[in-house]
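A.B. asks: To start, I am sharing the structure in question, which I have written as structure tokens.
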């Protein structure tokens, strides 16, 4: 949850209405044109009520983004490749929505200029999702699928960075198959010598190295 101020208990009905109004307006007008006044009017509340709950517009947007896009946990299917594809796939799906495409690039500048806002974003969204994917990597190591000496932070960055890069710069689309392509490339580099590919895909080629 984003910044709150001390006072009377929060009314979750108002919070929900404000988040919904924020998402609707982000889809309609984008991040740059979003105002607290417009959100308050749409939600049937007041700007002071918003100020009591969120420090400002960026904090409200982060809260709405977390509540809407969410940090869907990477599943445990028993298959390392399947888990990673599903985890990165939900990231790609989240940021190929209209709100994801319109908010993330504009929000990056505010995150860079506001350390407290960046901390909220990292805590409530980024690290939650990253930790879930890290658990999938650890399970892969325990199964003997992945090299136990792999650099977890580097691999996590490699898995997610293609999606963020394409959303931020828009030079290439985030396709339906991007998660599979990225995971397969990364697994080629960090799979254990005995890994035999996807446990749920008959005839999976696994690694492309000669020792596979």
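The values are calculated or read from the model by the stated rules, or taken from the named source; none is laboratory data. What you see is a predicted model, and the numbers here were worked out from it, not measured in a lab. Neighbour counts are summed over all protein chains in view; Cβ atoms, including those assigned to glycine, are modelled from backbone coordinates with ideal geometry.
A.B. asks: Condition test on residue 178, is it within 23 Å of residue 131 (Cβ to Cβ) and out of contact with any strand residue (DSSP E or B) (no Cβ under 6 Å at 6 or more places or on another chain)?
C.D. replies: Values: within 23 Å of residue 131 (Cβ to Cβ): yes; out of contact with any strand residue (DSSP E or B) (no Cβ under 6 Å at 6 or more places or on another chain): yes.
In short, yes.
A.B. asks: Might you let me know whether the stretch 107-118 holds any residue that is closer than 30 Å to residue 191 by Cα and within 19 Å of the chain's Cα centre (by Cα)? Spell out how you get there, then give the answer.
C.D. replies: The first filter runs over the stretch 107-118 and keeps only residues closer than 30 Å to residue 191 by Cα, leaving none.
Scanning the stretch 107-118 turns up no residue that is closer than 30 Å to residue 191 by Cα and within 19 Å of the chain's Cα centre (by Cα).
A.B. asks: Among residues belonging to the stretch 5-27 that are more than 22 Å from the chain's Cα centre (by Cα) and within 19 Å of residue 68 (Cα to Cα), point out the one that is modelled with the highest pLDDT. It would help to see each step written out before you state the result.
C.D. replies: Initial filter on the stretch 5-27 (more than 22 Å from the chain's Cα centre (by Cα)): 5-14, 17.
Those left that are additionally within 19 Å of residue 68 (Cα to Cα): 11-14, 17.
Values: 11: 73, 12: 81, 13: 87, 14: 90, 17: 96.
So, considering only residues that are more than 22 Å from the chain's Cα centre (by Cα) and within 19 Å of residue 68 (Cα to Cα), the one modelled with the highest pLDDT is 17.
A.B. asks: Looking only at the stretch 129-160, filter to residues that are free of Cβ contacts under 8 Å to residues at least 40 places away in the same chain and over 26 Å from residue 193 (Cβ atoms); which one of those is surrounded by the fewest Cβ atoms within 10 Å (Cβ to Cβ)?
C.D. replies: Going through the qualifying residues, I end up with 131.
A.B. asks: In this structure, is residue 160 assigned by TED's automatic domain parsing to the domain that holds residue 178 and over 20 Å from residue 191 (Cα atoms)? Step through it out loud before you land on a result.
C.D. replies: Working: assigned by TED's automatic domain parsing to the domain that holds residue 178: yes; over 20 Å from residue 191 (Cα atoms): no.
No; evaluated as a whole, the condition is false for this residue.
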